[in-house]
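Student: Have a look at the structure that comes next, please.
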Number of protein chains: 2
Amino acid sequence: MALIVQKYGGSSLESAERIRNVAERIVATKKKGNDVVVVCSAMGDTTDELLDLASEVSPVPPARELDMLLTAGERISNALVAMAIDSLGAKAQSFTGSQAGVLTTERHGDARIVDVTPGRVREALDKGHICLVAGFQGVNKETRDVTTLGRGGSDTTAVALAAALNADVCEIYSDVDGVYTADPRIVPNAQKLDKISFEEMLELAAVGSKILVLRSVEYARACGVPMRVRSSYSNDPGTLVAGSMEDIPVEEVVLTGVATDKSEAKITVLGIPDTPGKAANVFRALADAEINIDMVLQNVSSLEDGTTDITFTCPRNDGPRAMELLRKLQRDGNWKNVLYDDQIGKVSLIGAGMKSHPGVTADFTEALRDANVNMELISTSEIRISVLIREEHLDKAARALHEKFGLGGDKVAKVYAGTGR
Amino acid sequence: MALIVQKYGGSSLESAERIRNVAERIVATKKKGNDVVVVCSAMGDTTDELLDLASEVSPVPPARELDMLLTAGERISNALVAMAIDSLGAKAQSFTGSQAGVLTTERHGDARIVDVTPGRVREALDKGHICLVAGFQGVNKETRDVTTLGRGGSDTTAVALAAALNADVCEIYSDVDGVYTADPRIVPNAQKLDKISFEEMLELAAVGSKILVLRSVEYARACGVPMRVRSSYSNDPGTLVAGSMEDIPVEEVVLTGVATDKSEAKITVLGIPDTPGKAANVFRALADAEINIDMVLQNVSSLEDGTTDITFTCPRNDGPRAMELLRKLQRDGNWKNVLYDDQIGKVSLIGAGMKSHPGVTADFTEALRDANVNMELISTSEIRISVLIREEHLDKAARALHEKFGLGGDKVAKVYAGTGR
């Protein structure tokens, strides 16, 4: 008998009919002799609808109250799933994040889990009940105020509960039936992976794959909780996310997949004095405004006037704010200009095989050359190469890389399995 | 400086615009130097929508999960009102029933408040914050499970909090601007009362006035919390519900109002043996099925066969269930027949003046005679006379009684102030 934690996303719960389907799956898992803990996101677009309501009553809703508001969504879906399970003749009990012992920091809207004390959940499991736990929410350990974990926080709730309960696996259900070698909407012969290591999944999540939330993978890796990405529409076993790439026998080590990302913008600061601390001013200002920067490039200094150019990428959503900030700094910093470009895309190749197989970078750049794609920026990690290119070339580049590294299968991927859930 | 508890009903909160209006009223109350605690019902039809969802996933939703589901409604409205208050520059903090210390019995769906320990609310008030408390909900003292207080429970929450915080007044806001001498839709010159005693209000609520929930008035009377019925659409001071009718000087004692009720059905058991215990069998069976009976009449026994007839009223909603039950008993009990009639109405006259003014019953019956209305059943309390008549005669009877006892004013009531909120 195993202990299985299942997490269902909002699209899997968007209607009464979908909720009944999910309940059947849960009861089937229980009937196989497993203990089952279920974490549900809010139904369909509930969270967005509540956010709309909030913006109608207040231009800047206070974070504490926003958390009180949004956590209602998961209470609703959890209670409904519990009812649906009950109507199938199984015993179910729903718990709020607080009741399930999900203790967090005090940062409303983006709290971190500091401890999980699932005493009540354990008790209910021991009675043979299926436990439903409201995802995305917790309670501030000090003030007992309700907190939320930020977008995608239900995945983190599921992993944290799985860790605290010493579960055998944490299954993440959505409308995607696994992790693919590429987005099948872009690369038709993309293949579903049976297994992927935590490190590779982390790199994938970091460069644009939206299948799993980065934080939940980090948590699962730190606690050694195996995750399984599955679809709530099929019985496909999905993709197992587990183990370290160090454990993969060398001869099996391969390249894992290609990821694409259109969510970033490129900013270039021209003619910034190339003296210590000048670049730091730029990044400190952005950090203070909580704007995450990704790829960074500093040109070789100009011999003529001792200035240089700095290029970096940041989320497009933050682009206008970043530019406003930098325009102000431009005057004080005596820079020549600040340029903004959001017509860019990022394509990345990920794979543990990169470590031990020389020549991957050469193959990578040749594949793009043959596809007539110009690279504007390159960044790498031990198991990843990413390049910034024109957005219009993104699909072409992904297909070229996927082909070059032999990631495709001989059949066209049947299911939608793209970015976004 | 006073401590004021305000309760807003669902129709007062049905849209973002209405929520902003309510927030302005709350902030204005605070700016006058008062401490303010606000209890909100769920927005508009939220509760009904959640109930519909529940019935879509389960034919008989378990009560514990139904409470978890329904309590989401008040969390949403409370958080939104807190945000709207915040956007007006005042400090607000929302609390769930549990956080506000509303401790209840374990009976899900119809729990009773056993204690209110509003430590966190008091703390927030001391910091100058406006406190929002989710109505209708509490927490089971033993299991820490979420409970609800039954329909109209938000009024009870407001009164219980007012009592626990020793508030000066508990204001109940809806779309009705006070308690009237009759339903102005039926009696156009009905007058708004400035004040009414608890006893009179209890009688009014018991005989069909839906302005205040009976339980909340009982609670307020027991704890001596003055209530004020007001409209969230006007600045009218409304009607004060306070004090005992014993405190009203005798020369001011008058008749208070006329109430009408179309929600009951009449059941008659014919030819039941007139021996001890036979009538008890009928009422025990109905009590076991949780069907409330109201007016009861037992005829004088027939000299011929020693049987009698019993007539009583019960809610129309429970009529079919009651009849099914009685049909079964008919066979065992050897009754002649059981008759059902839901074309009836009840008209009542209420007033502390009844005690000290003889002749009210005579005037009452004469008024109905003059209006050509036949009485089928009469029941009285110290300060009330109720009669059962044909439903089609209800409006005519109410107008005749209102006129006979001089309750009307010289102008037509301008606002809607009927039964139902």
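Student: Just name the residue that is surrounded by the fewest Cβ atoms within 10 Å (Cβ to Cβ) out of those in the range B:23-38 that are more than 10 Å from chain A (Cβ to nearest Cβ) and within 24 Å of B:Ser98 (Cα to Cα).
Tutor: B:Asp35
Student: Looking at the structure I just gave you, is B:Leu80 within 13 Å of another protein chain (Cβ to nearest Cβ) and among the aliphatic types (A, V, I, L, M)? Give the steps one after another, and end with the answer.
Tutor: Numbers: within 13 Å of another protein chain (Cβ to nearest Cβ): yes; among the aliphatic types (A, V, I, L, M): yes.
Answer is yes for this residue.
Student: So for the range B:183-192 (the condition being closer than 30 Å to B:Leu401 by Cβ, open to solvent by less than 10 Å² (accessible area, probe 1.4 Å), under 22 Å from the mean Cα position of the chain (by Cα) and among the small types (Gly, Ala, Ser)), does at least one residue qualify?
Tutor: Step one: filter the range B:183-192 for residues closer than 30 Å to B:Leu401 by Cβ, giving B:183-192.
So of that shortlist, the ones also open to solvent by less than 10 Å² (accessible area, probe 1.4 Å) come out as B:187, B:190.
Next, only the ones that are under 22 Å from the mean Cα position of the chain (by Cα) stay: B:187, B:190.
Right, trim to among the small types (Gly, Ala, Ser) and you get B:190.
Yes, some residue in the range B:183-192 is closer than 30 Å to B:Leu401 by Cβ, open to solvent by less than 10 Å² (accessible area, probe 1.4 Å), under 22 Å from the mean Cα position of the chain (by Cα) and among the small types (Gly, Ala, Ser).
Student: Just give me the residues in the range A:106-146 being among the β-branched types (Val, Ile, Thr) and under 17 Å from A:Ser216 (Cβ atoms), in sequence order.
Tutor: Here is the first cut: in the range A:106-146, the ones among the β-branched types (Val, Ile, Thr) are A:113-114, A:116-117, A:121, A:130, A:133, A:139, A:143, A:146.
Within the range A:106-146, A:Ile113, A:Val114, A:Val116, A:Val133 qualify.
Student: Can you spot a residue in the range B:336-344 that is open to solvent by 60 Å² or more (accessible area, probe 1.4 Å), more than 21 Å from B:Ile186 (Cβ to Cβ) and among the aromatic types (Phe, Trp, Tyr)?
Tutor: To start, the set of residues in the range B:336-344 that are open to solvent by 60 Å² or more (accessible area, probe 1.4 Å) comprises B:336, B:339-340, B:343.
If we keep only those that are more than 21 Å from B:Ile186 (Cβ to Cβ) too, we end up with B:336, B:339-340.
Going one step further and asking which of them are among the aromatic types (Phe, Trp, Tyr), we end up with B:340.
Yes: the range B:336-344 contains one or more residues that are open to solvent by 60 Å² or more (accessible area, probe 1.4 Å), more than 21 Å from B:Ile186 (Cβ to Cβ) and among the aromatic types (Phe, Trp, Tyr).
Student: Those residues that are surrounded by 24 or more Cβ atoms within 10 Å (Cβ to Cβ), assigned to a strand (DSSP E or B) and either in contact with a Lys or Arg (Cβ under 9 Å, 6 or more places away or on another chain) or at the interface with chain B (Cβ under 9 Å from one of its Cβ atoms) (or both), I need them from the range A:96-111; list them, please.
Tutor: Scanning the range A:96-111 gives a single hit, A:Thr104.
Student: Looking at the range A:4-17, which of the residues that are touching a residue at least 24 places away in the same chain (Cβ under 8 Å) and of a type in the set (D, E, K, R) is most open to solvent (accessible area, probe 1.4 Å)? I'd like the intermediate steps shown before the answer.
Tutor: Narrowing the range A:4-17 to residues touching a residue at least 24 places away in the same chain (Cβ under 8 Å): A:4-16.
Now narrow it down to the ones that are of a type in the set (D, E, K, R): A:7, A:14.
Details: A:Lys7: 8, A:Glu14: 108 Å².
Filtering the range A:4-17 for residues that are touching a residue at least 24 places away in the same chain (Cβ under 8 Å) and of a type in the set (D, E, K, R), the one most open to solvent (accessible area, probe 1.4 Å) comes out as A:Glu14.
Student: In the range A:140-157, which residues are within 14 Å of chain B (Cβ to nearest Cβ), at negative phi and either part of a loop (DSSP other than H, G, I, E, B) or open to solvent by 20 Å² or more (accessible area, probe 1.4 Å) (or both)? Before the answer, list the steps.
Tutor: Quick first cut of the range A:140-157, residues within 14 Å of chain B (Cβ to nearest Cβ) only: A:140, A:142-148.
Then drop every residue that is not at negative phi, which leaves A:140, A:142-143, A:145-148.
The answer is A:Glu142, A:Thr143, A:Asp145, A:Val146.
Student: Test A:Arg122 against the criterion of being out of contact with any Phe, Trp or Tyr (no Cβ under 8 Å at 6 or more places or on another chain), open to solvent by 20 Å² or more (accessible area, probe 1.4 Å) and under 20 Å from A:Ala164 (Cβ atoms), and give yes or no. I'd like the intermediate steps shown before the answer.
Tutor: Details: out of contact with any Phe, Trp or Tyr (no Cβ under 8 Å at 6 or more places or on another chain): yes; open to solvent by 20 Å² or more (accessible area, probe 1.4 Å): yes; under 20 Å from A:Ala164 (Cβ atoms): yes.
Yes.
Student: Return a yes/no flag: does the range A:305-325 have any residue that is more than 20 Å from A:Lys266 (Cβ to Cβ) and of a type outside the set (Val, Ile, Thr). Spell out how you get there, then give the answer.
Tutor: Kept after step one, since they are more than 20 Å from A:Lys266 (Cβ to Cβ), are these residues of the range A:305-325: A:305-306.
Within this subset, residues satisfying the condition of being of a type outside the set (Val, Ile, Thr) are A:305-306.
Yes, some residue in the range A:305-325 is more than 20 Å from A:Lys266 (Cβ to Cβ) and of a type outside the set (Val, Ile, Thr).
Student: Could you list, in sequence order, all residues of the range A:83-95 that are open to solvent by 10 Å² or more (accessible area, probe 1.4 Å) and either more than 8 Å from every other protein chain (Cβ to nearest Cβ) or more than 17 Å from B:Arg64 (Cβ to Cβ) (or both)?
Tutor: Initial filter on the range A:83-95 (open to solvent by 10 Å² or more (accessible area, probe 1.4 Å)): A:86-93.
A:Leu88, A:Gly89, A:Ala90, A:Lys91, listed by residue number.
Student: Does A:Leu3 qualify as being modelled with pLDDT of 95 or more and within 12 Å of chain B (Cβ to nearest Cβ)? Steps first, answer last, please.
Tutor: On the way: modelled with pLDDT of 95 or more: yes; within 12 Å of chain B (Cβ to nearest Cβ): no.
Taking the combined requirement at face value, the residue does not satisfy it.
Student: Let me ask something additional. Checking the conditions here, which among B:Gly44, B:Gly33 is outside any helix (DSSP H, G or I), out of contact with any strand residue (DSSP E or B) (no Cβ under 9 Å at 6 or more places or on another chain) and at pLDDT 95 or above? Give the derivation first.
Tutor: On the way: B:Gly44 fails: at pLDDT 95 or above.
Testing whether each residue is outside any helix (DSSP H, G or I), out of contact with any strand residue (DSSP E or B) (no Cβ under 9 Å at 6 or more places or on another chain) and at pLDDT 95 or above leaves just B:Gly33.
Student: Quick one: would you say B:Ala63 is without any contact (Cβ under 8 Å) to a residue 24 or more places away in the chain, more than 7 Å from chain A (Cβ to nearest Cβ) and either open to solvent by less than 30 Å² (accessible area, probe 1.4 Å) or more than 22 Å from A:Asn21 (Cβ to Cβ) (or both)? Let's see the steps before the verdict.
Tutor: Working: without any contact (Cβ under 8 Å) to a residue 24 or more places away in the chain: no; more than 7 Å from chain A (Cβ to nearest Cβ): yes; either open to solvent by less than 30 Å² (accessible area, probe 1.4 Å) or more than 22 Å from A:Asn21 (Cβ to Cβ) (or both): yes.
Spelling it out, it is not the case that B:Ala63 is without any contact (Cβ under 8 Å) to a residue 24 or more places away in the chain, more than 7 Å from chain A (Cβ to nearest Cβ) and either open to solvent by less than 30 Å² (accessible area, probe 1.4 Å) or more than 22 Å from A:Asn21 (Cβ to Cβ) (or both).
Student: Given A:Ala182, A:Ala160, A:Ala190, A:Ala220, which one is farther than 29 Å from A:Gly409 by Cβ, of a type in the set (A, V, I, L, M, F, W, C) and either part of a loop (DSSP other than H, G, I, E, B) or in contact (Cβ under 8 Å) with a residue 40 or more places away in the chain (or both)?
Tutor: Working: A:Ala182 fails: farther than 29 Å from A:Gly409 by Cβ; A:Ala190 fails: farther than 29 Å from A:Gly409 by Cβ; A:Ala220 fails: farther than 29 Å from A:Gly409 by Cβ.
After ruling out the rest, the residue left standing is A:Ala160.
Student: Need the failing condition index for A:Ala259 against (1) within 30 Å of A:Arg25 (Cα to Cα); (2) crowded, with 20+ Cβ neighbours inside 10 Å, just the number.
Tutor: (1)
Student: Check A:Ala54 against each of (1) in a helix (DSSP H, G or I); (2) open to solvent by less than 30 Å² (accessible area, probe 1.4 Å); (3) more than 9 Å from chain B (Cβ to nearest Cβ) and name the one condition it does not meet.
Tutor: (3)
Student: Further question: Looking at B:Ala265, is it at pLDDT 95 or above and among the small types (Gly, Ala, Ser)? Walk me through it before giving the result.
Tutor: Numbers: at pLDDT 95 or above: yes; among the small types (Gly, Ala, Ser): yes.
The answer is yes for B:Ala265.
Student: Only one of (1) in contact with a helix residue (DSSP H, G or I) (Cβ under 9 Å, 6 or more places away or on another chain); (2) more than 9 Å from every other protein chain (Cβ to nearest Cβ); (3) part of a helix (DSSP H, G or I) fails for A:Ala124. Which number is that?
Tutor: Tallying (1) in contact with a helix residue (DSSP H, G or I) (Cβ under 9 Å, 6 or more places away or on another chain); (2) more than 9 Å from every other protein chain (Cβ to nearest Cβ); (3) part of a helix (DSSP H, G or I), A:Ala124 fails exactly one: (1).
Student: Continuing with the same structure: Report whether or not B:Arg20 is in contact (Cβ under 8 Å) with a residue 60 or more places away in the chain, within 11 Å of chain A (Cβ to nearest Cβ) and within 26 Å of B:Pro237 (Cβ to Cβ). Walk me through how you get there before you give the answer.
Tutor: Values: in contact (Cβ under 8 Å) with a residue 60 or more places away in the chain: yes; within 11 Å of chain A (Cβ to nearest Cβ): yes; within 26 Å of B:Pro237 (Cβ to Cβ): yes.
Judged against the criteria, B:Arg20 is a match.
Student: Since B:Val116 meets every condition but one in (1) buried (at least 18 other Cβ atoms within 10 Å of the Cβ); (2) farther than 14 Å from B:Ala100 by Cα, which condition does it not meet?
Tutor: (2)
Student: Would you call B:Ser41 buried (at least 24 other Cβ atoms within 10 Å of the Cβ), under 16 Å from B:Gln6 (Cα atoms) and away from every other protein chain (no Cβ under 12 Å)?
Tutor: Values: buried (at least 24 other Cβ atoms within 10 Å of the Cβ): yes; under 16 Å from B:Gln6 (Cα atoms): yes; away from every other protein chain (no Cβ under 12 Å): yes.
So B:Ser41 passes the test.
Student: Within the range B:203-217, work out how many residues are outside any helix (DSSP H, G or I) and farther than 18 Å from B:Lys262 by Cβ. Reasoning before the result, please.
Tutor: The initial filter retains those residues of the range B:203-217 that are outside any helix (DSSP H, G or I), namely B:207-213.
Right, trim to farther than 18 Å from B:Lys262 by Cβ and you get B:212-213.
So the count comes out to 2.
Student: Let me ask something else. Quickly run through the range A:293-320 and pick out the residues that are of a type in the set (S, T, N, Q) and under 16 Å from A:Val387 (Cα atoms).
Tutor: Here is the first cut: in the range A:293-320, the residues of a type in the set (S, T, N, Q) are A:298-299, A:301-302, A:307-308, A:311, A:313, A:317.
A:Gln298, A:Thr311, A:Thr313 - these are the residues of the range A:293-320 that are of a type in the set (S, T, N, Q) and under 16 Å from A:Val387 (Cα atoms).
The values are calculated or read from the model by the stated rules, or taken from the named source; none is laboratory data. On a predicted model such as this, the values are computed, not experimentally measured, just so you know. Heads up, the Cβs are rebuilt from the backbone with ideal geometry, glycines too, and the neighbour counts pull from every protein chain shown. Only protein heavy atoms, including side chains, enter the accessible area calculation; ligands, DNA and RNA are left aside. Shrake-Rupley method; radii C 1.70, N 1.55, O 1.52, S 1.80 Å.
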